[in-house]
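Asks: A single structure is presented below for examination.
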Amino acid sequence: MRRSMITFAALLFGFQVTLQAAIPRDVKLEVDNRLIPAYRTGNLETVIFSGALIANKISGSLIEEIDVYLDKQNIESLGAILARSRFTLLTQGQQLKPQATGKELILTVPYFQGQVQEMITGALRPTIMREGAKFPSALKEFEESLLKIHIYKNDLLNLDRTSLLAAQAVANALRTGNVKPVDRGRLSFNFLEAREQILAENKRRVEVELALRVARVRLAKRIIDETNDLQQQLLAVFAMDQDLKIINDFVEQQRQGLFQLIDEPDIDQINRTVKEAQQKAPRLFRDAERLFTGIHWWIRGRYGKGSVANGLLKGAYVKNNPAAGFALNMPRNRPVATDPFKNEASQGSPYVARRHENTWAWENGGISMKYEKTVKISAVSDYFY
């Protein structure tokens, strides 16, 4: 029995050695010295350059072996990191080199296809949008439902861009003859048809979100009129104020020709409801806006991750497009923060470091401070969810 185990272990060890040895030395060096470091530091241009170099050099089982090797480093497959890197930079308006070849598309298209099919099957759809779902009856439940719909909105926006970019890339590769006849079937997924389904799903999302916001305005008005609970009142007036802004924006877009297939809400009635509440409790509205705006920016600073340096920094593209610097990757489920002053052995939560504490330690954002003078610094923005 022991001899059998030793023989099995030797065979297994030999298989692993063979597996790793099957990756050509120059490819292995490229993966270790350029692809992995670039991926870990968020250098997406280098990820694309290195990944495309590897994808065009190898094929067949070698791709699978590289994916196994990357998985051992806790990194996604080569196709996944190439696809996400190209998509991220393309949505930032960057011109990418090299252009995706047929061999690369065979790796990346299945990743895009899998994401789109997740939406088509309804796997990403929030519970509140499913057949027979009941509307919330409390402010906290409304907030949770609207947050999930907001995240789903971003998912659909990204999938729409994904479908369009993938369709263009595949069409270009097929037109230029960069795909072997034997591989054409692997690029046959109809992204343009899938895009129609994404647009239809987004229409349904808008309808549900509007209905939720109109219902929340009514609930908020009842809370302001009927309760003396300060916390509930603050939540109610802030929700009402935000809903009014978003509903008004929607109606304005409708009047400019968008969302024509969606029924227009009774904006006059909603405006009257909010105006009555504002006249009844003007200070409550002012205090709620200050409180929740501060909370919002604190949450962005504490939990938001930039695109490079493990979330600490934004990409260089912000120099050319400052508005793109607003976007952050926010957690779907917010981690419970730990007290930094407690001496605990467990790892702090959330894992991402405090961006502003780290980056502002060595740069001043262009602000010049002078001693013995009072300097007032303020940030004003109406760009707020």
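Asks: Take the residues in region 272-314 that are under 32 Å from the mean Cα position of the chain (by Cα) and not in a helix (DSSP H, G or I); name whichever of them is surrounded by the fewest Cβ atoms within 10 Å (Cβ to Cβ). Let's see the steps before the verdict.
Replies: Narrowing region 272-314 to residues under 32 Å from the mean Cα position of the chain (by Cα): 285-314.
Filter once more, so that each one left must be not in a helix (DSSP H, G or I): 304-308, 312-314.
Values: Gly304: 17, Lys305: 20, Gly306: 20, Ser307: 21, Val308: 15, Leu312: 17, Leu313: 17, Lys314: 20.
So, considering only residues that are under 32 Å from the mean Cα position of the chain (by Cα) and not in a helix (DSSP H, G or I), the one surrounded by the fewest Cβ atoms within 10 Å (Cβ to Cβ) is Val308.
Asks: With Gln233, Gln269, Gln254 as the choices, which residue is part of a helix (DSSP H, G or I) and at pLDDT below 90? Full working, then the answer.
Replies: Details: Gln233 fails: at pLDDT below 90; Gln269 fails: at pLDDT below 90.
Answer to the selection: Gln254.
Asks: So Ser137 passes all but one of these: (1) in a helix (DSSP H, G or I); (2) of a type in the set (S, T, N, Q); (3) loosely packed, with under 15 Cβ neighbours inside 10 Å. Which condition number does it fail?
Replies: Going through (1) in a helix (DSSP H, G or I); (2) of a type in the set (S, T, N, Q); (3) loosely packed, with under 15 Cβ neighbours inside 10 Å one by one, Ser137 breaks only (1).
Asks: Within region 193-215, can one find any residue that is assigned to a helix (DSSP H, G or I) and over 23 Å from Arg130 (Cβ atoms)?
Replies: Restricting attention to region 193-215, the residues satisfying the condition of being assigned to a helix (DSSP H, G or I) are 193-215.
Now restrict to residues that are over 23 Å from Arg130 (Cβ atoms): 193.
Checked region 193-215: at least one residue is assigned to a helix (DSSP H, G or I) and over 23 Å from Arg130 (Cβ atoms).
Asks: Inside region 196-239, can you point out the residues that are surrounded by fewer than 17 Cβ atoms within 10 Å (Cβ to Cβ), among the charged types (D, E, K, R) and more than 30 Å from Arg161 (Cβ to Cβ)?
Replies: Within region 196-239, Arg218, Arg222, Asp225, Glu226, Asp229 qualify.
Asks: Could you check how many residues of region 100-116 are free of Cβ contacts under 8 Å to residues at least 60 places away in the same chain and surrounded by fewer than 17 Cβ atoms within 10 Å (Cβ to Cβ)?
Replies: 1
Asks: I need the full set of residues from region 204-227 which are modelled with pLDDT of 90 or more and under 20 Å from Pro282 (Cβ atoms), in order please.
Replies: First pass over region 204-227, keeping only residues modelled with pLDDT of 90 or more: 204-226.
Val217, Ala220, Lys221, Arg222, Ile223, Ile224, Asp225, Glu226 - these are the residues of region 204-227 that are modelled with pLDDT of 90 or more and under 20 Å from Pro282 (Cβ atoms).
Asks: Can you name every residue in region 151-182 that is more than 18 Å from Val116 (Cα to Cα) and surrounded by fewer than 16 Cβ atoms within 10 Å (Cβ to Cβ)? Spell out how you get there, then give the answer.
Replies: Going through region 151-182, the residues more than 18 Å from Val116 (Cα to Cα) turn out to be 172-182.
Of everything in region 151-182, those that are more than 18 Å from Val116 (Cα to Cα) and surrounded by fewer than 16 Cβ atoms within 10 Å (Cβ to Cβ) turn out to be Asn172, Leu174, Arg175, Thr176, Gly177, Lys180, Pro181, Val182.
Asks: In contact with a helix residue (DSSP H, G or I) (Cβ under 6 Å, 6 or more places away or on another chain), in a helix (DSSP H, G or I) and more than 30 Å from Glu276 (Cβ to Cβ): does that describe Ala166? Talk me through it step by step, then tell me what you get.
Replies: Values: in contact with a helix residue (DSSP H, G or I) (Cβ under 6 Å, 6 or more places away or on another chain): yes; in a helix (DSSP H, G or I): yes; more than 30 Å from Glu276 (Cβ to Cβ): yes.
So Ala166 passes the test.
Asks: Further question: Filter region 85-143 down to the residues that are charged (D, E, K, R) and more than 30 Å from Phe49 (Cβ to Cβ) and list them by number. Break it down into steps so the answer makes sense when it comes.
Replies: The first filter runs over region 85-143 and keeps only residues charged (D, E, K, R), leaving 86, 97, 103-104, 118, 125, 130-131, 134, 140-141, 143.
Listed by number, the residues that qualify are Arg125, Arg130, Glu131, Lys134, Lys140, Glu141, Glu143.
Asks: Moving on. If only one of Ile106, Ile63, Ile54 is more than 30 Å from Arg222 (Cα to Cα) and touching a Lys or Arg at 6+ places or on another chain (Cβ under 6 Å), which one is it? If you could, list the steps in order and put the result at the bottom.
Replies: Values: Ile63 fails: touching a Lys or Arg at 6+ places or on another chain (Cβ under 6 Å); Ile54 fails: touching a Lys or Arg at 6+ places or on another chain (Cβ under 6 Å).
Criteria check complete, one pass: Ile106.
Asks: What are the residues in region 240-264 that are on the phi > 0 side of the Ramachandran plot and either touching a helix residue (DSSP H, G or I) at 6+ places or on another chain (Cβ under 9 Å) or buried (at least 16 other Cβ atoms within 10 Å of the Cβ) (or both), if any? Let's see the steps before the verdict.
Replies: Within region 240-264, the first condition is being on the phi > 0 side of the Ramachandran plot, and the residues that meet it are 257, 259.
Phe259, the sole residue that qualifies.
Asks: Taking helices (runs of 4 or more DSSP H) that do not extend beyond region 1-108, which have at least 1 residues that are among the hydroxyl-bearing types (Ser, Thr, Tyr) and either modelled with pLDDT of 85 or more or under 26 Å from the mean Cα position of the chain (by Cα) (or both)?
Replies: Values: elements: 2-21, 25-30, 36-41, 44-57, 61-72, 78-91.
So the answer is 36-41, 44-57, 61-72, 78-91.
The values are calculated or read from the model by the stated rules, or taken from the named source; none is laboratory data. Everything quoted here is computed from the prediction, not taken from an experiment. Note that each Cβ is placed from the backbone with ideal geometry, even for glycine, and that neighbours are counted across all protein chains shown.
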